[in-house]
Amino acid sequence: MADQYTHESAGQVQPAPASPEADAEKAIVDETIEFFSFVKSYEQAQRDAETVETEFEGFDMWTEDARKSRDEHTDSDGRVIPAKPTLSVNLLDQNIQQIVSEARQARLALTVRPKAGIANSTMTGYYKGQIRSIQVESGALEVRLWAFERACKVGRGAYLITAEYANDGDFDIDLVLERILDQSTVYFDPYAQRADRSDMDECLITDWISEKDRVRRWKDKPLLPPAGAFDSDD
């Protein structure tokens with residue numbers, strides 16, 4: 001019977017108990033934060049290497065220490081050593097674009113092949129039409145090439161398959177292939193074993209939004225950053 005009463009002391013107000021919906025939302029948030037922290041710590045070396053490779057291929061082939069060593073400076077004898085040029089010549093772009101061009105000419109796409117039987121052949125034709133429609137309307141080739149080009153540079157890439165309501169006024173669902181502009185924001189399940197990650201249980205995609213947009217999308221949710229959220233630049 002003691003559980004049916006709330007004990008209050010003078011000057012103290014007991015917090016209202018959380019609703020089941022709030023507990024469920026908090027559980028999802030806690031699980032997401034835990035998964036994000038685990039994957040980030042597990043893949044830290046890989047992500048650091050991807051950042052270095054992207055910067056090297058993209059615009060800057062000099063490390064900060066190497067560039068500083070070529071600035072104007074005074075040696076131990078007091079002589080002024082003039083600055084030396086630091087030129088960056090991208091020797092990788094041609095090779096990368098050659099590989100991407102071969103993939104573009106191959107017109108990468110999904111296809112369905114029956115094993116045997118008339119029924120299987122009939123269903124195969126149906127699925128071919130559905131898949132062809134999804135790929136054409138989504139511009140699937142460019143989506144795949146966007147991920148493929150990053151894979152050529154750093155070893156892995158990703159694109160997104162989402163479900164959206166059709167534009168014909170009903171409640172039909174269309175599958176759509178979309179690019180992920182910043183593919184470094186994709187956090188795969190570390191326990192996945194297959195090369196295409198088709199056996200993973202979880203995958204997290206992070207994104208930056210403005211505080212104004214955040215308030216517009218979730219008006220009733222208070223902005224509560226987790227503990228230690230601003231302790232580092234990350």
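Residues being on the phi > 0 side of the Ramachandran plot and in contact (Cβ under 8 Å) with a residue 12 or more places away in the chain are entirely absent from region 110-130. Summed over region 98-118, residues that are open to solvent by 100 Å² or more (accessible area, probe 1.4 Å) and among the hydrophobic types (A, V, I, L, M, F, W, C) total 2.
Residues in region 71-97 that are open to solvent by less than 70 Å² (accessible area, probe 1.4 Å) and charged (D, E, K, R): 2 in all.
Tell me yes or no: at least one residue of region 132-151 is open to solvent by less than 70 Å² (accessible area, probe 1.4 Å), more than 25 Å from Gln94 (Cβ to Cβ) and not in a helix (DSSP H, G or I). Before you say what the answer is, go through the steps one by one.
At the first step, the residues of region 132-151 found to be open to solvent by less than 70 Å² (accessible area, probe 1.4 Å) are 133-135, 138-141, 143-145, 147-151.
Keeping just the survivors that are more than 25 Å from Gln94 (Cβ to Cβ) gives 133-135, 138-140.
Now drop any that are not not in a helix (DSSP H, G or I), which leaves 139.
Yes, some residue in region 132-151 is open to solvent by less than 70 Å² (accessible area, probe 1.4 Å), more than 25 Å from Gln94 (Cβ to Cβ) and not in a helix (DSSP H, G or I).
The values are calculated or read from the model by the stated rules, or taken from the named source; none is laboratory data. Note that this is a predicted model, so its numbers are computed, not measured. Glycine gets a Cβ as well: all are built from the backbone with ideal geometry, and neighbour counts include every protein chain shown. In case anyone asks, the SASA skips ligands and DNA or RNA and just uses the protein heavy atoms, side chains included. Shrake-Rupley method; radii C 1.70, N 1.55, O 1.52, S 1.80 Å.
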